[in-house]
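Presented below is the structure to which this report refers.
The values are calculated or read from the model by the stated rules, or taken from the named source; none is laboratory data. Keep in mind the model is a prediction, meaning the values are calculated, not measured. Quick reminder, even Gly has a Cβ in these numbers, built from the backbone with ideal geometry, and neighbours come from all protein chains shown. These area figures cover heavy atoms from the full protein model, side chains too; ligands, DNA and RNA do not enter into them. Shrake-Rupley method; radii C 1.70, N 1.55, O 1.52, S 1.80 Å.
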Amino acid sequence: MALIFVTGNRHKFEEVSEIAAKHGLKLEMRDLPCKEIQADELEEIARQSAVDACSSLGKPCFVEDAGLFVHALRGFPGPYSSYVFRTIGNDGLLKLMASIGDRRAEFRSAVSYCEPGSKPSVFRGRVKGSIGFEARGSKGFGFDPIFSPDKGDGRTFAEMTITEKNELSHRAQAIKRFLKYYAQRKKAHR
Ligand code: IMP
């Protein structure tokens, strides 16, 4: 039986499905018209979204919330990444950073899993990297064209395949932690 990943983002679903498949788990994508809360912590947003999604589906499911934290901007846009991407986008963020030499940034991810009648669990992941001076690459989504992970070869996430991005990404780390927990939980309930 497939496990439900509640998201409206097909790119996220493809990234996560690739990892889940390697763990022998099939995922089902469900885009629910849930309203995401606004909060300063990704974990809090993910936890609340998981509870809402689980109660509306009446089934176990997980959600993922992510954000880009720019060091010189004191963590902005962080939990407001979605709004900032929709409004000023990559061009706007690059303009905002035009005179900033410190290009350090990180992506963070919070995955939250919830079962009916239980409290949600949260799993985190992060990847350090830097913001470029121009957008590069056409794969991926969101801020991928302007972010190069430190442990990569200089390419942006948008210049990598899903498999390459999954070797380094914040989301992949959080999902792998969750999948380990999920497998143990399944085993214990068998
Ligand atoms: P969400 O709330 O988890 O959908 O993420 C907020 C925003 O952060 C998205 O709209 C994207 O612009 C950006 N974002 C999250 N994860 C990634 C990623 O893996 N690559 C690039 N941008 C991302």
I need a count of the residues in the range 139-174 that are within 13 Å of the ligand (Cβ to nearest atom) and outside any helix (DSSP H, G or I). 11
Test I100 against the criterion of being in contact (Cβ under 8 Å) with a residue 40 or more places away in the chain and out of contact with any Gly (no Cβ under 9 Å at 6 or more places or on another chain), and give yes or no. no
Selected residue (criterion: most open to solvent (accessible area, probe 1.4 Å)) from residues of the range 78-97 that are touching a residue at least 24 places away in the same chain (Cβ under 8 Å) and away from the ligand (no atom under 11 Å from the Cβ): D91
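Within the range 100-118, can you find the residues that are modelled with pLDDT of 95 or more and over 19 Å from the mean Cα position of the chain (by Cα)?
The answer is I100, G101, D102, R103, E115, P116.
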Just the residues that are farther than 16 Å from C54 by Cβ and of a type in the set (A, V, I, L, M, F, W, C), please, taken from the range 7-28. F13, V16, I19, A20, A21, L25
Residues in the range 123-136 that are away from the ligand (no atom under 11 Å from the Cβ) and either among the basic types (K, R) or surrounded by fewer than 22 Cβ atoms within 10 Å (Cβ to Cβ) (or both): how many? 9
Residue satisfying condition, being of a type in the set (D, E) and open to solvent by less than 30 Å² (accessible area, probe 1.4 Å), within set E36, E44, E28, E64: E64
Assess whether S49 counts as being in a helix (DSSP H, G or I), within 16 Å of the ligand (Cβ to nearest atom) and touching an Asp or Glu at 6+ places or on another chain (Cβ under 7 Å). yes
List every residue pair whose Cβ atoms sit under 6 Å apart, with the two residues 6 or more apart in sequence or on different chains, where the first one lies in the range 145-167 and is open to solvent by less than 40 Å² (accessible area, probe 1.4 Å) and the second, anywhere, is part of a strand (DSSP E or B) and away from the ligand (no atom under 11 Å from the Cβ). I146/I131; S148/S130; T156/S148
Only one of (1) touching a Leu at 6+ places or on another chain (Cβ under 9 Å); (2) assigned to a loop (DSSP other than H, G, I, E, B) is not met by K119, so which one is it? (1)
Considering only the range 3-23, state which residues are outside any helix (DSSP H, G or I), more than 11 Å from the ligand (Cβ to nearest atom) and free of Cβ contacts under 8 Å to residues at least 60 places away in the same chain. I4, F5, V6
